[in-house]
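Rule-based calculations on the coordinates, nothing more; no lab input. Just so it is clear, the model here is predicted, and its values are computed rather than measured. Neighbour counts are summed over all protein chains in view; Cβ atoms, including those assigned to glycine, are modelled from backbone coordinates with ideal geometry.
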Amino acid sequence: MTDAAPAVPADVAEVAHAQMREALKRVAVALKRSQVPFALAGGYGGWARGAPEPAHDVDFLVPPEAAERALESLREQGLDVQQPPEDWLFKVATDGVVVDVIHRTNGGRLEDVLARASEEAVLSVRMPVISATDVAVEKLLALDEHYCDIAQLLPTMRALREQVDWSVVRRRTEGNHFAAALLFLLERLGVVDRS
């Protein structure tokens, strides 16, 4: 007997990915119409730069001072916008998926993260995507005693390794012991050079 979780059937995973991709496009186009600065972030930000496709959600960043304007614009465009108890994001439900629109992060000044984003074609929609370095920083800073599944991050870090400025990642994640553990493992596996 094994304690391993049952694998998700390929067709179920593909349906989930298709729904997330449609939601990503719909919210990106709506954010473009809102004329609020934004960028694709999180797992799909990494995916747009070559990482494996994420299995759980879509994240966008907007500047804190434009969050309310983005929320209202998305509502006016007919999207189902939800305000959860957390004060650092709102959610958009569409295409069977909930998309996070984040206006405060762990990785430093959000305005700086947005300024480093580059415009990319993602699923045929041109949109800003945060840098691979910012993807790595955000993912490492999300690690804590409640969420420390570093094995899940290894494929993303490996895929993005040549695009990431690891000295910046080390500096910006300094003090997070979980990030240090993952960086140590990445060094030992030869994915990144030792500092």
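Rounded to the nearest 20 Debye, what is the dipole magnitude of the chain about its Cα centre when Lys and Arg each give +1 and Asp and Glu each give -1 at the C-beta? Intermediate values should be presented prior to the final figure.
Values: 21 positive and 30 negative charges, 114 e Å.
Using only the charged Cβ atoms, the result is roughly 540 debye.
Cα atoms only, the chain: Rg and Dmax in Å?
My reading of the Cα-based Rg and Dmax gives 16.9, 55 Å.
Given N residues in segment 80-195, what is Rg(Cα) / (2.2 N^0.38 Å)?
Working: Rg = 15.5 Å, N = 116, 2.2 N^0.38 = 13.4 Å.
Dividing the Cα radius of gyration by 2.2 N^0.38 Å gives 1.16.
Run the dipole for segment 143-195 about the Cα centre, Lys and Arg Cβ at +1, Asp and Glu Cβ at -1, nothing else charged, and hand back the magnitude in debye, nearest 20. Please list the in-between numbers first.
Details: 7 positive and 8 negative charges, 37 e Å.
Its charge dipole is roughly 180 debye.
Please list, ordered by chain and number, the residues whose modelled amide H lies under 5 Å from the amide H of Val122; skip anything fewer than 5 residues away on the same chain.
For Val122, the qualifying residues are Met127.
Using the scaling law 2.2 N^0.38 Å as the reference, what is the normalised Cα Rg of segment 132-195? Before the final figure, lay out each step's value.
Details: Rg = 10.3 Å, N = 64, 2.2 N^0.38 = 10.7 Å.
In units of the 2.2 N^0.38 Å rule of thumb, it is 0.96.
Give the aspartates and glutamates reachable from Lys91 as a straight Cα distance under 15 Å; neighbours fewer than 8 places away on the same chain don't count.
Those aspartates and glutamates meeting the cut-off are Asp57, Asp59, Glu68, Glu72, Glu76, Asp80, Asp100.
Using Cα-Cα distances under 8 Å and only pairs 6 or more residues apart, what relative contact order does the chain have, in percent? Spell out each step's value before the answer.
Details: 286 pairs, mean separation 38.8, N = 195.
Normalised by residue count, the contact order of the chain is 20 percent.
For segment 1-130, what is the percent of antiparallel DSSP beta bridges, rounded to the nearest 5?
75 percent
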